[in-house]
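Below you'll find the structure, written out as structure tokens, and then a few comments.
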Amino acid sequence: MQIAEKFMSMLRCPLSGEPLQPCDHGLASRDGSLQYRISPSGVPLFAEHFCTDDAKRQQAHFEKIAGIYIDNLAYPHTQEYAAYLDRAFLDIAADAKLGSTAEICCGSGEAFRLLGNKVVTGLGIDISLSMLEAAKTSLRDADQYCFVQGDATGLPLADSLFDSVFIIGGIHHVNDRQRLFQEVFRILKPGGRFYWREPVSDFFLWRWLRALIYRLSPSLDDKTERPLLYRETVPPLENAGFVLRTWQTYGFFGYCLLMNSDVLVFNRAFRHIPGIRLVTRLAARLDHTITSLKPFRRYGLIVIGMAEKPG
């Protein structure tokens, strides 16, 4: 299956950095020494040749739990709370330039679905082929998107390519965040912006709860999943060259109880409670009130942030 020309010009060999060209078996470097297969659905499989040990572990983990993860997104209480977080995310990304957009660790394409038709050209990358297939299915009628299997710490993409880069729930799966941020910085145009939404554990209570849950839940991998901390995130961002513009946290007790049905099994039963959508909306409103108070602004469970590449 062929890759559209506009996307071919974006792709690079993750091992050599060379431009790629179509070949009988998929994609190849210009001298033909490096070749990459394309899946039957049209996903270039760069991770078959370049993939760190951490990425391999996450790949195996997500191939195992992809179905549960996607099912979780369909529960009514998950949808309602996620809608609150989506609105908060869109408020922060309201001025994002979406001419050329990348979603790294894209999973099922959450950022692209959220941004919708505003994206002119979108390229999504994830280590899990199962998640990429889900993204292609959910966005099958949108020809402005292309999805690629690759390692977030060695992106198969050209330099200075994108106006905006998005990561929703992916940074905490990457241990080498310095390398991740360097790669995001590399593929952004000067003046481009990097947006993220991630679990954060700057409040000691969340650190303790997550430390316990991460060890007990089969849907989580405590070896490669680590929620963000402000003091651990800002220095590597700045070392990569970024200027931090926004760091705002969301979610409190309501998030604990009503999200993460893939992790908290009892949470799945909430979908049978009459009026659970209204209950969730009220819980989200209460959480928002708490995290808007000055003493609690960094104590939420989720951080939405934006950093800029100087222009």
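The values are calculated or read from the model by the stated rules, or taken from the named source; none is laboratory data. These numbers come from a predicted model, not from an experiment. Cβ: placed from backbone, ideal geometry, glycine included. Neighbour counts: every protein chain shown. Please note that ligands, DNA and RNA were not included when accessible areas were found on the heavy atoms of the full protein model with its side chains. Shrake-Rupley method; radii C 1.70, N 1.55, O 1.52, S 1.80 Å.
A few comments on the model shown:
- Cα Rg, Dmax (largest Cα-Cα span) when computed across the range 106-239, Å: 15.6, 45
- With contacts taken as Cα pairs under 8 Å at a separation of at least 6 residues, the chain carries a relative contact order of 19 percent.
- Acute angle (nearest 10 degrees) that the helix 276-292 long axis makes with the longest principal axis of the chain, alpha-carbon atoms: 90 degrees
- Given charges at beta-carbon only (K, R positive; D, E negative), |dipole| of the chain in Debye: 960 debye
- Per residue, the convex hull volume that the Cα atoms of the chain enclose (Å³): 126 Å³
- Per residue, in Å², the accessible surface of the range 1-123 once ligands and nucleic acids are set aside, probe 1.4 Å: 47 Å²
- Sorted on the mean count of surrounding Cβ atoms within 10 Å across their residues, most packed first, peptides 23-33, 128-138 read 128-138, 23-33.
- Relative to the Cα centre, the charge distribution of the range 165-257, modelled as +1 at Lys and Arg Cβ and -1 at Asp and Glu Cβ, gives a dipole magnitude of about 160 debye.
- Using alpha-carbon coordinates, inclination of helix 53-72 to the longest axis of the chain, degrees: 50 degrees
- Cα lying deepest toward the dipole's positive end in the chain, options 88, 43, 25, charges on Cβ: 88
- For the range 150-195, the equivalent ellipsoid built from the Cα gyration tensor has semi-axes of 17, 12, 9 Å, listed from largest to smallest.
- Debye intensity ratio in log₁₀ form over the Cα atoms of the range 164-311, taken at each q of 0.19 Å⁻¹: -1.18
- Beta bridges by DSSP in the chain, antiparallel share as percent, to the nearest 5: 55 percent
- Just the protein heavy atoms count here, and of the accessible area of the range 110-198 at 1.4 Å, carbon and sulfur take up 45 percent.
- Axis of helix 129-138 versus longest Cα principal axis of the chain: the two differ by about 80°, to the nearest ten degrees.
- Charge-dipole axis of the chain as Lys and Arg at +1 and Asp and Glu at -1 on Cβ define it, positive-most pick from 227, 191, 139: 227
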